[in-house]
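Okay, so here's the structure we're looking at.
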Amino acid sequence: MSAPRIGVSGVLRTWDGADRTGVNSAYVRSVLTAGGVPVILSPLIGPSFASRALDGLDGFLLTGGEDMHPAWYGAEPSPHLYPPSRERDLFELAAFAAARQRGLPILGICRGIQLVNVAMGGTLYQDLPSERPGPVAHDPGGDRQARSHAVRLVEGSRVASALGAANLSVNSFHHQAVERLAEGLVATGWSEDGLIEAVETPPDAPWLLAVQWHPEEMNADARAPDRGLFRALVEAAGARQADGVAIGEAAGA
Ligand code: MN
């Protein structure tokens, strides 16, 4: 079996005086560490080529970033909304739908858990401090690797199995979160204030797991349980490959 190819959703940014497209290296390193081959997918590909862009891929990673436009879940923009990216919303929603159709294993991180929930019919808190103030700081600032709040996980869930733990202290930098959970998803992790921090598909459905924290930033620590999330994605992608689904698809293309 060859190393699974994992699509990694990218961003548009300006640096060194030019408009560029890429992704936080931490996601790329995390997939590599887990034994996968990361393939960065720019939002510039657009919705009409999103499905084609997944050809030959064995798994899909939805990364962190901008707030989604609340119109996708039927809400008016809050004054506290951070600027959305129309290119990212359109591309990632189309890519997610195509990945689901193909039964690709999917891992969502931060914006990723939010996109998965919205794409499947759920809603979001647009801004936690103004809409759901509570005792847990979900965006405390400081070091991206700093573990700042606890998450309790359902034993035996995909997320607990991947992490090898039922409790974890996580790094947290988000001001949005899952509000109403989409049908088809199961909540399997919560912070101490009852906020959803992990969702997944039931055991009999294609592999999908999403978390609200940032496991990719822990990649430099070989002992970090967070690495298990990427290993689980790559393993699920490899298992699908071994089933011959990807090969059959390629032959039929
Ligand atoms: Mn959090």
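The table that follows gives values for the structure above.
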read-out: Cβ-Cβ under 6 Å pairs, at least 6 apart or on other chains, region 172-195 side closer than 17 Å to VAL159 by Cβ and among the β-branched types (Val, Ile, Thr), far side within 10 Å of the ligand (Cβ to nearest atom) and open to solvent by 30 Å² or more (accessible area, probe 1.4 Å); value: none
read-out: The one condition in (1) among the polar types (S, T, N, Q); (2) touching a residue at least 60 places away in the same chain (Cβ under 8 Å); (3) away from the ligand (no atom under 16 Å from the Cβ) that GLN212 fails to fulfil; value: (3)
read-out: Every pair of residues 6+ apart whose Cβ atoms lie under 7 Å, when the first sits in region 91-118 and is of a type in the set (Asp, Glu) while the second is buried (at least 24 other Cβ atoms within 10 Å of the Cβ) and outside any helix (DSSP H, G or I); value: GLU92/SER9; GLU92/LEU62
read-out: Members of region 12-42 that are part of a strand (DSSP E or B), open to solvent by 20 Å² or more (accessible area, probe 1.4 Å) and either in contact with a helix residue (DSSP H, G or I) (Cβ under 6 Å, 6 or more places away or on another chain) or of a type outside the set (Gly, Ala, Ser) (or both); value: LEU12, ARG13, THR14, TRP15, ASP19, ARG20, THR21, VAL37, PRO38, VAL39, ILE40
read-out: Count of region 43-89 residues which are of a type in the set (Ser, Thr, Tyr), open to solvent by 30 Å² or more (accessible area, probe 1.4 Å) and over 18 Å from ASP127 (Cα atoms); value: 2
read-out: Filter pass, GLN101 being under 30 Å from ARG227 (Cβ atoms), open to solvent by 50 Å² or more (accessible area, probe 1.4 Å) and not in a loop (DSSP other than H, G, I, E, B); value: yes
read-out: Residue tally, condition within 15 Å of the ligand (Cβ to nearest atom), over 24 Å from ARG223 (Cα atoms) and open to solvent by 60 Å² or more (accessible area, probe 1.4 Å), over region 141-191; value: 1
read-out: Checklist (1) in a helix (DSSP H, G or I); (2) in contact with a helix residue (DSSP H, G or I) (Cβ under 7 Å, 6 or more places away or on another chain) applied to GLY108, failing item; value: (1)
read-out: Which listed residue, of PRO83, PRO70, is in contact with a Ser or Thr (Cβ under 8 Å, 6 or more places away or on another chain), free of Cβ contacts under 8 Å to residues at least 60 places away in the same chain and under 24 Å from ASP139 (Cα atoms); value: PRO70
read-out: Any hit, region 192-200, residues being within 14 Å of the ligand (Cβ to nearest atom), open to solvent by 10 Å² or more (accessible area, probe 1.4 Å) and in contact with a strand residue (DSSP E or B) (Cβ under 7 Å, 6 or more places away or on another chain); value: yes
read-out: Residue match in region 125-134 (condition: within 13 Å of the ligand (Cβ to nearest atom), farther than 23 Å from LEU233 by Cα and open to solvent by 60 Å² or more (accessible area, probe 1.4 Å)); value: yes
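The values are calculated or read from the model by the stated rules, or taken from the named source; none is laboratory data. Everything numeric in this text was worked out from a predicted model, so none of it was measured. FYI the Cβ positions are ideal-geometry reconstructions off the backbone, even for glycines, and counts take in every protein chain you see. Ligands, DNA and RNA are excluded from the accessible area calculation, which covers all protein heavy atoms including side chains. Shrake-Rupley method; radii C 1.70, N 1.55, O 1.52, S 1.80 Å.
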